[in-house]
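Colleague: Please see the structure below; I have some questions.
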Amino acid sequence: MERNLILAFESSCDETSVAVVEDGKTILSNIVATQIKSHQRFGGVVPEVASRHHIEQITACIDLALSEAQVTYDDLSAVAVTYGPGLVGALLIGVTAAKTVAYAHQLPLIPVNHMAGHIYAARYVAPIEFPALALLVSGGHTELVYLAEPGQFEIIGETRDDAAGEAYDKIGRVLGINYPAGKEVDRLAHLGKDNFHFPRAMDKDDSFDFSFSGLKSAFINTVHHADQIGETLNREDLAASFQQAVVDVLADKTVRALKAFPVKQLILAGGVAANQGLRDRLTTELTQFPDVTFLKAPIKLCGDNAAMIGAAGYVSYQLNQFGDAGLNADPSLEFDWLETTQANA
Amino acid sequence: MKVLALDTSNRPLSVAVLSDDQVLATTTVTITQKHAAHLLPIIESLMKVAGLKPADLDRVVVADGPGSYTGLRIGVTTAKTLADTLKLQLVGVSSLATIAANVMTDNQLVAVFFDGRNDHVFAGVYRIKDQQPVTVIEDQHADFGDFLKRIADLNESVVVLGELSAFSERLKNVLADRYLQYPAAFNLPSAVQLARLGNSVAPVADINAFVPRYLRLTKAEADWQKQHPEEDSSNYVEKV
């Protein structure tokens, strides 16, 4: 039987990644060159520094992806690439390299939305069954996405201010944790108790939207106030209280969405999907929905990587959704809103 | 030898396809700001007109800096990816020298400027020898006034090319009758001249390590190095 191999590219933020994916479900290689150590010097991602690192890495990652997969260009069916959302200068390296490879070897080019990629990281656990609902939580995004059928992604709710991952990084800084802070806050949270009862913003609101800036401010104010009166707060309890507030809001909105939109699967994806507190909580909540299976993106594919782009790209490949040599990066690319929810919002 | 030459280092975008010294097809566009969207379609159409497939190429020549950081990365990423994926020779040539190569008069001094904002420039000074620009003052990022003084100190007639709009008054005042003005078209890079200069440059040994010559650190990196003078900043990216 013929196998379809996709060479996939991802460079939207601080990881340069190239992968070879077979039939959208088997990873033959997934090279990830991460710049985290570089940006940790600055306390966060510096876009121009990121772009400079991407161009240093890109062709070495291509070569390694092919050699590790033990394939040549002749074996490939298509080239897929993240064209947004993300940092424009960073995206441009992947887009330019992918277009060039597609042209050089006369392969079809598949533009992939980075967020669709995150969702399809879950495809490496099991096939996606439609309709499905995805909770996407990352450093740049927090959204609930409805998947009616393959290739259709519609937003039903999203954050109105900070992304959940962004809030983790900001409160992490207050706790003296370097970016990316999620993993360490998650670890501390498991050692502490929710004693501070931070606000759960918009939790009673009818929309499926999120808000995390109020929680972040409440956290920072609490710590600063304690500093002023010379009191030291328990870091573990602070982390636990913050994480509980985030998880409560994410879980409550997701449960409400599952009630409003009967689906076969709930997909948890994005960088913050690696958070153990969130994974555990949603697993518990899902017991109320015996007909819904819970598909969690594998922890090692929660961060940015090209394998997830290859999986999402394979869906476009089957639907004949191709781009051309004029493809440009679209830093503010988003899914469309599901019409009914936008009317309600 | 089949050569593809491309320059996207600033607002003008120039591409040429050559067979040895014969120009098969060339295009220069000055009005696009979307190099990422336009570069590859232009390469495709020129290659098609020239009757070449990508695999027919032997060499890619790219203007590798200085210039707009994003512009440089579009050209250099295209060139290094093409060279890597098709096993072609890759040659980098100064974006400033490419413009200096528009001048053919033997022994003529040529200064080329790109506007680096905040009264700074990316600039270099060349002397034309046997139709090749030979470096007199190294390509660099410099304060315009300081760089102009160094040119004036050469005490010689000089052709000044590049992005001059912010500097023309001071050039006239300081260099006076030693300032030789050429028609505006000479300020544009030509991928044909770029390919010609590329003929005498050895291909890069390590295509993967090839990056633009920005000639300037990012502000974050410069500040960090100032605070950590003893630390090596070369190994910050790791494969996981």
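Colleague: Grab the eigenvalues of the alpha-carbon gyration tensor for region B:67-196, scale each by 5, take roots, and send me the semi-axes largest first in whole angstrom.
Modeller: Whole-Å semi-axes of the equivalent ellipsoid: 27, 17, 12.
Colleague: So for the pair B:ASP119, A:GLN106, with labels modelled 7 Å out along Cα→Cβ, what separation do we get in nm?
Modeller: Simple spin-label model gives 5.7 nm for this pair.
Colleague: Set the Förster radius R0 to 25 Å, insert the Cβ-Cβ distance between B:ALA184 and B:GLN33 as r into 1/(1 + (r/R0)^6), and round the FRET efficiency to 0.05.
Modeller: 0.85
Colleague: For B:SER234, A:SER17, which order do you get if you count the other beta carbons within 10 Å of each Cβ and list the fewest first?
Modeller: With the fewest neighbours first, B:SER234, A:SER17 line up as B:SER234, A:SER17.
Colleague: Over all distinct Cα pairs, what is the inverse of the mean 1/r for region B:119-216, reported as the Kirkwood hydrodynamic radius in Å?
Modeller: Answer for region B:119-216: a Kirkwood hydrodynamic radius of 15.3 Å.
Colleague: Just to be sure I understand the model, the point goes 7 Å from the Cα along the line to the Cβ. What's the resulting B:ASN107 to B:ASP232 distance in nm?
Modeller: A separation of 4.9 nm, rounded to one decimal place.
Colleague: Please give the FRET efficiency for B:LYS53 paired with A:SER332, using the beta carbon to beta carbon distance and R0 = 51 Å, rounded to the nearest 0.05.
Modeller: 0.90
Colleague: Send over the per residue convex hull volume for chain A, Cα only, as a whole number of Å³.
Modeller: Cα-based convex hull of chain A, divided per residue, equals 131 Å³.
Colleague: Return the Rg/Rh value of chain B, two decimal places, where both radii are evaluated on C-alpha atoms and Rh is the Kirkwood radius.
Modeller: 0.99
Colleague: Would you mind getting me the FRET efficiency between B:ILE137 and B:MET1? Use the beta-carbon distance for r and R0 = 30 Å, nearest 0.05.
Modeller: 0.40
Colleague: Counting Lys and Arg as +1 and Asp and Glu as -1, each charge on the Cβ, what is the dipole of chain B about the Cα centre in debye, to the nearest 20?
Modeller: 600
Colleague: Stick to Cα atoms and the Kirkwood definition of Rh, then tell me Rg/Rh for region B:1-144.
Modeller: Computed over Cα atoms, the ratio is 0.98.
Colleague: By how many nm would the segment from A:LEU319 to A:ASN221 grow when fully extended, if each residue of separation counts as 0.36 nm and the alpha-carbon distance is taken off?
Modeller: The span from A:LEU319 to A:ASN221 would gain 30.2 nm if fully extended.
Colleague: Right, next: Taking neighbour counts of Cβ atoms within 10 Å as a proxy for exposure, in what order, fewest first, do A:HIS225, B:HIS38, A:HIS118, A:HIS105 appear?
Modeller: A:HIS225, A:HIS105, B:HIS38, A:HIS118
Colleague: Taking only the C-alpha atoms, wrap a convex hull around the protein assembly as shown and report its volume per residue in Å³ as a whole number.
Modeller: Once divided by residue count, the hull of the protein assembly as shown is 177 Å³.
Colleague: Projected area of region A:127-296, taken from the Cα convex hull and averaged over every viewing direction, in nm²?
Modeller: 9.5
Colleague: I want to verify a result. In a Gaussian network model of chain B, Cα cutoff 10 Å, which of these has the top mean-square fluctuation: B:VAL76, B:VAL17, B:VAL201?
Modeller: Fluctuation is largest for B:VAL201.
Colleague: Moving to a separate point now. Have a look at the DSSP beta bridges in chain B and tell me what percent are antiparallel, nearest 5.
Modeller: Among the beta bridges of chain B, antiparallel pairing accounts for roughly 65 percent.
Colleague: Looking at chain A as a GNM with Cα springs under 10 Å, which of A:MET115, A:MET308, A:MET202 has the largest mean-square fluctuation?
Modeller: Looking only at A:MET115, A:MET308, A:MET202, the largest GNM fluctuation is found for A:MET202.
Colleague: Taking the alpha-carbon distance from A:LYS99 and a cut-off under 30 Å, which lysines remain once sequence neighbours fewer than 8 residues away in the same chain are dropped?
Modeller: Of all the lysines, those that pass the test against A:LYS99 - Cα under 30 Å, at least 8 places apart if same chain - are A:LYS25, A:LYS37, A:LYS300, B:LYS2, B:LYS34, B:LYS48, B:LYS53, B:LYS80, B:LYS87, B:LYS239.
Colleague: Rounded to the nearest 500 deg cm²/dmol, what is the calculated helix-only ellipticity per residue at 222 nm for the protein assembly as shown, with -39500 (n - 2.57) per DSSP H run of length n ≥ 4?
Modeller: Counting only the DSSP helices, I get -11500 deg cm²/dmol.
Colleague: At q = 0.21 Å⁻¹, work out log10 I(q)/I(0) for region A:54-113 with the Debye formula, treating every Cα as an identical point scatterer and leaving solvent out; two decimals please.
Modeller: -0.86
Colleague: Separate question: With a cut-off of at most 13 other beta carbons within 10 Å, and DSSP calling the residue loop, which trypsin sites (Lys or Arg not before Pro) in region A:201-276 qualify? Please list them.
Modeller: A:LYS204
Colleague: For A:HIS190, A:HIS114, which order do you get if you count the other beta carbons within 10 Å of each Cβ and list the fewest first?
Modeller: With the fewest neighbours first, A:HIS190, A:HIS114 line up as A:HIS190, A:HIS114.
Readers should treat all values here as calculations from the given coordinates under stated rules, not as data from a laboratory. This one's a predicted model, so the numbers in the text were calculated from it and none came from an experiment. We place every Cβ from the backbone using ideal geometry, glycine too, and count neighbours over all the protein chains shown.
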